[in-house]
1. Which count do you get for residues in the stretch 76-100 that are closer than 25 Å to ARG157 by Cβ, touching a Leu at 6+ places or on another chain (Cβ under 8 Å) and either surrounded by fewer than 14 Cβ atoms within 10 Å (Cβ to Cβ) or at pLDDT below 90 (or both)?
2. Based on this model, can you work out whether LYS151 counts as open to solvent by 30 Å² or more (accessible area, probe 1.4 Å) and under 24 Å from LYS85 (Cα atoms)?
3. Look through the stretch 147-172, keep the residues that are closer than 26 Å to LEU189 by Cα and of a type in the set (Ser, Thr, Tyr), and return whichever of them is nearest to the chain's Cα centre (by Cα).
4. Assuming ALA56 fulfils every condition listed in (1) under 21 Å from VAL19 (Cβ atoms); (2) open to solvent by 50 Å² or more (accessible area, probe 1.4 Å) apart from one, which condition is it?
5. Can you tell me which residue in the stretch 170-211 is surrounded by the most Cβ atoms within 10 Å (Cβ to Cβ), limited to those that are free of Cβ contacts under 8 Å to residues at least 12 places away in the same chain and in a loop (DSSP other than H, G, I, E, B)?
6. What about ASP111, is it in contact (Cβ under 8 Å) with a residue 12 or more places away in the chain and charged (D, E, K, R)?
7. Of all residues being outside any helix (DSSP H, G or I) and out of contact with any Cys (no Cβ under 8 Å at 6 or more places or on another chain) in the stretch 154-163, which is surrounded by the fewest Cβ atoms within 10 Å (Cβ to Cβ)? Just the residue, please.
8. Can you tell me which residue in the stretch 101-127 is modelled with the lowest pLDDT, limited to those that are open to solvent by less than 30 Å² (accessible area, probe 1.4 Å) and of a type in the set (Gly, Ala, Ser)?
Amino acid sequence: MFIPYALLGRFFVYLAIAVIILTSITLLLGLYSYKKNKSLFPNFIFFMLYFFYSPAKLICRTLSIKESLVDDIIIEVGNAVMLEKFKEVEGPCAVILPQCLRHPNCKARCDPITGYECKKCGHCDIGSICKAAERYNFNVFVVPGDSFVRKIIKSCRPHACIGVACHMELTESMQEVSKYMPVQGVCLLKDGCYNTKVDVDEVTRKMEMCSNNAL
């Protein structure tokens, strides 16, 4: 059978150009929404940047733009898309924190299902988040890896979730967790997998949005 390789080649070239143009338009819309704090076509942006995540990163790299901008847009737009459902949640919710927030001398025990059990010693931001969580019916989980997130969803069955992580990990985690419940993401202020920092006030503000949960 004759295969028109030239025609197929042109088709894939045109397809690649279309993907680049569409992804670039989505990035511009997302950047506008991110900078202006306005949700402009949020569902479209959220879907397209997830679907064309790698091409979007490639475009940023080619234009010497920091690649984490793609993650920033996805996280902020994702927060906007799921915000109303998140606010309406009643019942137990979860705050999932990365273990890198722990103080270097942390002595907390690691449970094989729920992660590290904070003692509220006051040496890191986790204790402050735990105290705020008690007021808003949120359970705090400090996890060593993504596998613990799946265990928590299966065993504890939270109705909503606030996730804290670095840009790329938060993007991936929000995509996975959003299949089961509304989620809000907060990026680390300082990453690096050791002695990291988060905006405790921002995490608390996210908890306050679930006014139905306040004790």
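1. Residues meeting the conditions: 0.
2. Answer is yes for this residue.
3. THR171
4. (2)
5. Here the answer is LEU189.
6. No; evaluated as a whole, the condition is false for this residue.
7. ARG157
8. The residue in question is ALA108.
The values are calculated or read from the model by the stated rules, or taken from the named source; none is laboratory data. From a predicted model like this one, the values you see are computed outputs, not experimental measurements. No Cβ is skipped: glycine too gets one built from the backbone with ideal geometry, and neighbour counts run over all protein chains shown. All accessible areas refer to the heavy atoms of the entire protein, side chains included, with ligands and DNA or RNA removed. Shrake-Rupley method; radii C 1.70, N 1.55, O 1.52, S 1.80 Å.
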